[in-house]
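The values are calculated or read from the model by the stated rules, or taken from the named source; none is laboratory data. All of these numbers come straight from a predicted model, not from anything done at the bench. We place every Cβ from the backbone using ideal geometry, glycine too, and count neighbours over all the protein chains shown. Accessible surface areas use protein heavy atoms only, side chains included; no ligands, DNA or RNA. Shrake-Rupley method; radii C 1.70, N 1.55, O 1.52, S 1.80 Å.
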Amino acid sequence: MKQNVLITGTGREMALGFNFVRRYLEQGDTVFACIRKPSEALERLQKQYPDTLHILTMDIGCTESVNAAAQAASQLVPCLDLIINNAVTTSPDTNKELEDFDLDTVMPALDVATVGPLRVIKAFLPMLRKSEGTALIVNISSEAGSIGTCYRTTYIDYGMAKAALNMATKTLHNKFKDDPKMNIICVHPGWMRTNEGNAKAPFDPYEHAETMRLLFEEKRHDKEGPIFVTYAGEEYPW
């Protein structure tokens with residue numbers, strides 16, 4: 001069944017969000033690719049898929065912007081079947097130890113990385129509820145958000161943001177647990193070659209996007225299995 005998919009954080013050609021867009025378009029789905037600023041890569045892709053790729057400008061750190069994007073999307077399709085909350089940001093000090101970290105930069109990062117996905121879910125929830133099947137929300141998390149496996153002394157803001165996103169996912173899973181029309185999970189996607197600094201990463205983002213696309217369909221109706229999972233569908237420690 002063809003579906004309507006919304007994906008945030010899609011502007012960088014080498015990154016996961018952009019490759020999710022490619023994979024869903026190749027399946028014949030209608031995709032809303034959300035960006036904060038213009039993306040030449042998406043504009044080129046739209047020329048290949050003029051009827052099924054819609055580019056939405058949306059700042060997930062701004063409720064007004066998210067609500068406006070939801071209104072625009074509702075004029076184009078009657079429902080959404082899948083949201084992938086992939087967008088994230090970090091503090092400029094994310095690689096620094098506490099002694100050198102400007103803590104005043106943490107809250108803006110958390111506002112985007114943790115509250116941002118909730119803004120998206122809230123704004124687009126009416127469209128999700130109109131899905132003919134079970135609508136799925138996927139929050140892209142990270143092993144950095146696992147308190148149980150934490151080993152870092154840096155990435156304070158990123159780890160906090162992903163741990164909080166995991167809690168938000170669990171809370172919404174509780175909300176949706178008796179609703180056959182809604183489901184939500186969070187996923188640790190693994191390390192990918194999304195930039196030159198990640199050249200040694202084991203996964204190609206285009207290939208890996210397909211691995212996770214298939215996983216999401218396996219998890220769509222799974223209400224009893226783990227909520228925080230790896231790209232392979234294995235349970236990951238909170």
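Observations
Rundown of residues vs (1) part of a loop (DSSP other than H, G, I, E, B); (2) touching a helix residue (DSSP H, G or I) at 6+ places or on another chain (Cβ under 8 Å); (3) not β-branched (V, I, T), yes/no style:
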| position | (1), (2), (3) |
| --- | --- |
| K2 | yes, no, yes |
| F20 | no, yes, yes |
| P38 | yes, no, yes |
| K47 | no, no, yes |
| I60 | yes, yes, no |
| E64 | no, no, yes |
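- Qualifying residues in segment 65-82 (those that are open to solvent by 50 Å² or more (accessible area, probe 1.4 Å) and hydrophobic (A, V, I, L, M, F, W, C)) - the one nearest to R36 (Cα to Cα): A68
- Residue in segment 174-193 that is within 19 Å of the chain's Cα centre (by Cα) and among the small types (G, A, S) present: yes
- Taken over segment 83-114, residues that are open to solvent by less than 50 Å² (accessible area, probe 1.4 Å) and either on the phi > 0 side of the Ramachandran plot or among the aliphatic types (A, V, I, L, M) (or both) amount to 8.
- Subset of segment 70-103 that is in contact with an Asp or Glu (Cβ under 9 Å, 6 or more places away or on another chain) and part of a helix (DSSP H, G or I) - its residue that is farthest from R44 (Cα to Cα): D100
- Candidates L136, L172, L215: the one that is under 18 Å from T8 (Cα atoms) and surrounded by 13 or more Cβ atoms within 10 Å (Cβ to Cβ) is L136.
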